[in-house]
1. For segment 309-316, in order, what is each residue's ³J(HN,Hα) by Karplus, 6.51 cos²θ - 1.76 cosθ + 1.60 with θ = phi - 60°, in whole Hz (x at glycine and Pro)?
2. Using only Cα atoms, what Kirkwood radius does segment 537-582 have, in angstroms?
3. If amide H atoms are built 1.01 Å from N in the plane of the peptide, which residues on other chains or at least 5 residues away come under 5 Å of the amide H of THR45?
4. Just rank LYS136, LYS481, fewest to most, by other beta-carbon atoms within 10 angstrom.
5. Does segment 7-151 come out rounded, prolate or oblate by the C-alpha gyration tensor, with a ≥ b ≥ c the root eigenvalues, rounded set by a/c under 1.5 and, if not, prolate when a/b is larger than b/c and oblate if not?
6. Around THR410, with a cut-off of 12 angstrom between Cβ atoms, what is the net charge of the other residues, counting Lys and Arg +1 and Asp and Glu -1?
7. Under a 5 Å amide H to amide H cut-off, with H placed in plane at 1.01 Å, what residues pair with VAL97 once short-range neighbours are removed?
8. State the extension gain, in nm to one decimal, for the chain segment bounded by ASN270 and SER132, taking 0.36 nm per residue of separation less the distance between their alpha-carbons.
Amino acid sequence: FLRSMDITDLESQLGSLNIIVVDDEPIARMVLTKGLKKCGYKNITSVESSRKALELIENGSFNVALCDVLMPDMDGMQLLTEIRKLPHTTDMSVIMVSATEDLSIVYKCLSQGADDYMVKPIRIPQLKNLWSNIWKKKKERAILQQLQEEKTKTDSLGIELQNLQSQLSDLTSKIDQAVDTPITAITRTIGDLQSGANLTPEVKNALSQVLQSLASSNLYKPAFNKILDNQTVDGTTKKWLMTELGGMTNPGVPTTVDTDYGKVHWSSSNEEQVRELRSFEYDVWSKKEDDLVVYLHNIFDDFGLLDMFKVDRVKFKRFLLNIRSRYIAKNPYHNFIHGFDVTQSAYAYLTDGEGASYLNHLEIFALLVSCICHDVGHFGLSNVFLMATRHELAIRYNDQSVLENFHCATAFTVLEDPDCNIFENLDKAQYTTVRKLMIGCILATDLSKHMELFNKFQATIESFQADNADHHLLLMQILIKSADISNPAKPFPVARYWADMVQEEFFIQGDKERSEGMEISGFMDRDNPNIAGLQTGFADYFVIPVFTLLEKFLPKTKPCLEMLLTNRKTWENIKQQAELKD
């Protein structure tokens, strides 16, 4: 049935769909059935148990099943498993329905074969778009299957990698040309002069002072109009880029306390768990959220940080639980799971990526705590929205990195609690340094600072100095930035789920903008979804440039870049197929 349909026929064929609603709550069944009929669906069967539903499905023909997750006797997950065993239900779509917003349950449902997941109470617009959303997702899976088959037929993976590297080279060249600024060129020229053998120490010192002066000023705003003027950039992407790459500020540069810049040596007290945590392909959604706090202990212990800085383990756990409680669990994306995922990714870059070779223990301590706290309290709304609606935080922080300032202030508010103060045994100089480093790291996650940070790191790679505190902070900022945008560099099933969560959070903001009579931001219009366009644009203008620089500085992170390029190709195929149908 699905294969014979065209996207333009979806609306007209709603009445011919056979739908079964499975829920043990009579009121829930009634509300869902009435909502479906109101949206134009006519053939609806409603049952109160999974076993009865399974019997009907075994002996009947249904296009869609909406199943409650939590039911007595046989729950929705068991029903889903049994449905997928039936040979005649290959094209049947199963949507799981529940009042829970536990994202691990959502991920489990989708991983085990559900086509979609809806949270009660279900709104009419969700039901209206139900079939078109399923159709698009099935087409995506068909494309992915086709790509996998093509990959299997390839005699040599080296050919594929060579093609991807060629695409990267072309894209990097275009982006380098677009974002190069006069200040970058000046910095590069001075760096070349410094390497000259005939210069006196006085001249080299003077050139170093010039470089420091340039780095401390806000001179890195690039001529990004070159990209925006490109005719190949669609209107939605252009609008989104202009919104996200707004103002730029400099968080300031701290000086370090100790000078132990030698490679940090880590232990392997729990080798199997630590090995998994160090992986670039870590799947946080396969873990229980309650276990993430334990994994954070393992990460800090692997560097010996808790013992080195005399952190009370009970207080460390209280600190983590307090921070977790301040993340808003109902946010599809900006929640504690994201906070952990960023921390794990940074940890992987430090260990398997060998980034720890360039930092001392105090800096690693500050970086990891920053990762945990970098989005604490996030509302699921952008800085631009908060400023446009004159939110109290926008007023408080004068429209400057509104959310990032809030996250940082929230983290230090928790740290002021004697029961959560994991910095209590740092001396005054250490605490001052850690505070400056954390402020610098968390504020660097503001997307409007992206180009400034990118250009600074690009200009520093060749001349990175082991004893330069400014360079250390810059590396820490790039590490937290890379970790914060690392979802597209994970295996595609994980990256795809994160993309869904980002899109849903965008839609929630778009719904608010519509209700407030505001212009709907790019990629946030629920009625005009374009997840593939969002992901390719995000990869091209943000993620690929950053991971290209990261791989240049930390060659061991190359697998991340390769995964990112492979995923980008997959999204491009999905995007092209969608455009053909539109």
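1. Once θ is set to phi - 60°, the couplings for segment 309-316 become 9, 6, 8, 5, 5, 5, 5, 5 Hz.
2. For segment 537-582, the Kirkwood estimate is 11.4 Å.
3. For THR45, whose amide H was placed from the backbone, the distant partners under 5 Å are ILE19, ILE20, VAL21.
4. By the 10 Å Cβ count, ascending, the order reads LYS136, LYS481.
5. rounded
6. Counting the neighbours of THR410, the net charge comes to -3.
7. For VAL97, the qualifying residues are CYS67, ASP68, VAL69, MET118.
8. 45.0 nm
Readers should treat all values here as calculations from the given coordinates under stated rules, not as data from a laboratory. All of these numbers come straight from a predicted model, not from anything done at the bench. Cβ sites come from the backbone with ideal geometry, for glycine too, and all protein chains shown count toward neighbours.
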